[in-house]
1. With respect to residue 357, is the statement that it is surrounded by 20 or more Cβ atoms within 10 Å (Cβ to Cβ) and part of a loop (DSSP other than H, G, I, E, B) true?
2. If you go through region 541-559 one residue at a time, how many are touching a strand residue (DSSP E or B) at 6+ places or on another chain (Cβ under 7 Å), surrounded by fewer than 17 Cβ atoms within 10 Å (Cβ to Cβ) and within 16 Å of residue 332 (Cβ to Cβ)?
3. Would it be correct to say that residue 310 is out of contact with any strand residue (DSSP E or B) (no Cβ under 6 Å at 6 or more places or on another chain), in the same structural domain as residue 237 (by TED's automatic domain parsing), surrounded by fewer than 23 Cβ atoms within 10 Å (Cβ to Cβ) and part of a loop (DSSP other than H, G, I, E, B)?
4. With respect to residue 233, is the statement that it is in contact with a helix residue (DSSP H, G or I) (Cβ under 7 Å, 6 or more places away or on another chain), in a loop (DSSP other than H, G, I, E, B) and either touching a residue at least 40 places away in the same chain (Cβ under 8 Å) or surrounded by fewer than 19 Cβ atoms within 10 Å (Cβ to Cβ) (or both) true?
5. When you go through 519, 495 one by one, which is the residue that is touching a helix residue (DSSP H, G or I) at 6+ places or on another chain (Cβ under 7 Å) and either over 17 Å from residue 372 (Cα atoms) or without any contact (Cβ under 8 Å) to a residue 40 or more places away in the chain (or both)?
6. Kindly evaluate residue 252 against the criterion of being part of a strand (DSSP E or B) and either within 12 Å of residue 220 (Cα to Cα) or at pLDDT 95 or above (or both).
7. Taking the conditions exactly as written (modelled with pLDDT of 95 or more, over 22 Å from residue 415 (Cα atoms) and surrounded by 14 or more Cβ atoms within 10 Å (Cβ to Cβ)), does residue 520 satisfy them or not?
8. For region 186-209, indicate whether the set of residues that are within 30 Å of residue 288 (Cβ to Cβ), surrounded by fewer than 19 Cβ atoms within 10 Å (Cβ to Cβ) and touching a strand residue (DSSP E or B) at 6+ places or on another chain (Cβ under 8 Å) is non-empty.
C-alpha cells in the first residue's frame, strides 16, 4: 500500500474557494497514513555490488493504465532508522512522461550494469549511498520530507517510515529486490511483493513495457482524478479503469467511491453508462463527476474507489486531490477585520462567517450582515449564475434563518452585499452569494441604479489587471420586513448602504506593498430611502474616513498607520 505522508500547512482563514494556484497539505507525516496507488511503483532496487559498494540503482515502473508526468516527483533514500530524506537520487523539474508499463532506471555513477540508466546520481554528492543491510527508498510527489509518498520499499534492518507492511530481506551484493509480476504485484507488503533477483537485471525506458492487467485470477483497477486540484465548489472527474479477471471471468463489476474527504458520500456509485461524467458506456471505465463541497478545508485529500465483481474479488485504488487553500493575498481580511468580528456565537451581533466566496460579520438582532468582504480580480469571473436565493443553514443552532419569502414586500430588492457578478467562476461559488446572510433589503432605485453601476466599475478595474479589496454593508434602521411578526424574525431595512474599496495592481504580498503611490482607496454612501436610479455612482463617492465615521469601523487597519491614514483621507478623483 502506498503511503501518503502529508506535510502540515496553515491557512490563515478558511476561505477555501479562492482561485489561486497554491497547494497546501493537511496532515502530519505518519507511518499509519497508508493508502494504495495503482500508478508509480518502485519495481527494483540494488543496494551495492561486490566490487563497488556504490554499484546501485533504483528502477521505477508505471503500473497504472494512464501515462504519468514525473514533473515535481523525486526519488529519495532514508537510512535504516533515518528520520530525514537524503538525496534526491532523481528529481524531475520539467515534464517527463512515463507510459503505462514503462520502466525507468535511476543509477549511481558507479553502476556497472549493461542497461543504460535514464538518470544518474553521484552518491558522494547527494550523500545518499544506500546501505546493503538496511534502508528504504521512496517516490515522492513534492519536496523531500514533506511531499506525498507515492510508493516506498524498505529492506533488512530498516525501521523508517518507508516500510510497507514488513521489510523485505536484504538481497546481498550484486543482487536486487524486484517486485513480483514484473513490477505489477502490489499487496502493500514489502516482504510479500519483493523477491531477491540473482543477479540483478535492471530495466530502463527502452525495455519492452509490461502493462499491468487483471488477467488470471486478479481484478485490477486504477483511479484517476482530473483535474487533481481545485477550489471548494469546483468539480473533478473521477475515473476508475477496471481490468476484469479472466479465471474465472469477472461479471457484475461495480465501483463505489469514498469521497468523504471532499464532502461527498462514503458509498458513491460510479457509472459506466454514459452518465455522471462517464464518456463511453460499457468500456469498464467507471466515472463520477464529483463536486468539492464549498465547506471543504484546504489540503491534500485522498479519494478511494473499490471495484468489486460478482465473484467476490475486489480491488481498491486511490487518487489524490488538492483543495486549494487561502494564500495571504487571497484572504479578504488580510488588510484588517474592521469590526473585530469573531466566530464566537456569544458575539451574535458581530459574528464572523467565512464562506468560500467571501467573509462577513453577521448581525443576529438585525438578521442582515454588518458587512461582507471579498477580494476581486479577473480570476473570479466566469459565467455561473444561479439566481436561487436560499436560507443559510450554517448559522448557529437556534438562530433564525432568513428565507426569500421574508422579502415578499415588493418595495425592496434582495440586495447582494458580495455581488453575484463578482463570483461567477463556478456554480457552487456563485450559489454562496445567494445565501440570505449575504443579503439586505435594498431599495430598487439603489440596487438597480448607482449601486450596480459601481459593481460594474469594480469588475472593469479587475479586468484591467487590478485586484480590489471590498467591504459592503448598510447602516441605520429605516423599517423592518419579514413574513413573521415575531421581532426576532424581522429583517432590518438599512437607511444607508455603503461600500469601501482598496485598489492596487495585481501582485503578491498585498499587505506589505500597499503604498501611498500605488494604492487607491475610497468609498460610496447611498440612501436606501430615496435615491435617483439614473444618478451616476460617482455622485456618492466619498473617502474611506467618511465611511469609518458613519459605521464606526476601522478599515484596512493592518496597513502601516501612516499609509492607512493618507489613503483613507484622500479624495478619489478618477
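1. Details: surrounded by 20 or more Cβ atoms within 10 Å (Cβ to Cβ): yes; part of a loop (DSSP other than H, G, I, E, B): yes.
The answer is yes for residue 357.
2. Final tally of qualifying residues: 0.
3. Numbers: out of contact with any strand residue (DSSP E or B) (no Cβ under 6 Å at 6 or more places or on another chain): yes; in the same structural domain as residue 237 (by TED's automatic domain parsing): yes; surrounded by fewer than 23 Cβ atoms within 10 Å (Cβ to Cβ): yes; part of a loop (DSSP other than H, G, I, E, B): yes.
When the stated conditions are applied, residue 310 passes them.
4. Working: in contact with a helix residue (DSSP H, G or I) (Cβ under 7 Å, 6 or more places away or on another chain): yes; in a loop (DSSP other than H, G, I, E, B): yes; either touching a residue at least 40 places away in the same chain (Cβ under 8 Å) or surrounded by fewer than 19 Cβ atoms within 10 Å (Cβ to Cβ) (or both): yes.
Taking the combined requirement at face value, the residue satisfies it.
5. Details: 495 fails: touching a helix residue (DSSP H, G or I) at 6+ places or on another chain (Cβ under 7 Å).
Only one candidate passes the filter, namely 519.
6. Values: part of a strand (DSSP E or B): no; either within 12 Å of residue 220 (Cα to Cα) or at pLDDT 95 or above (or both): yes.
Against the criterion (part of a strand (DSSP E or B) and either within 12 Å of residue 220 (Cα to Cα) or at pLDDT 95 or above (or both)), residue 252 does not qualify.
7. The answer is yes for residue 520.
8. Yes: region 186-209 contains one or more residues that are within 30 Å of residue 288 (Cβ to Cβ), surrounded by fewer than 19 Cβ atoms within 10 Å (Cβ to Cβ) and touching a strand residue (DSSP E or B) at 6+ places or on another chain (Cβ under 8 Å).
The values are calculated or read from the model by the stated rules, or taken from the named source; none is laboratory data. Please read all numbers here as calculations on a predicted model, not as lab measurements. With ideal geometry, Cβ positions are generated from the backbone for all residues, glycine too; neighbour counts draw on all protein chains shown.
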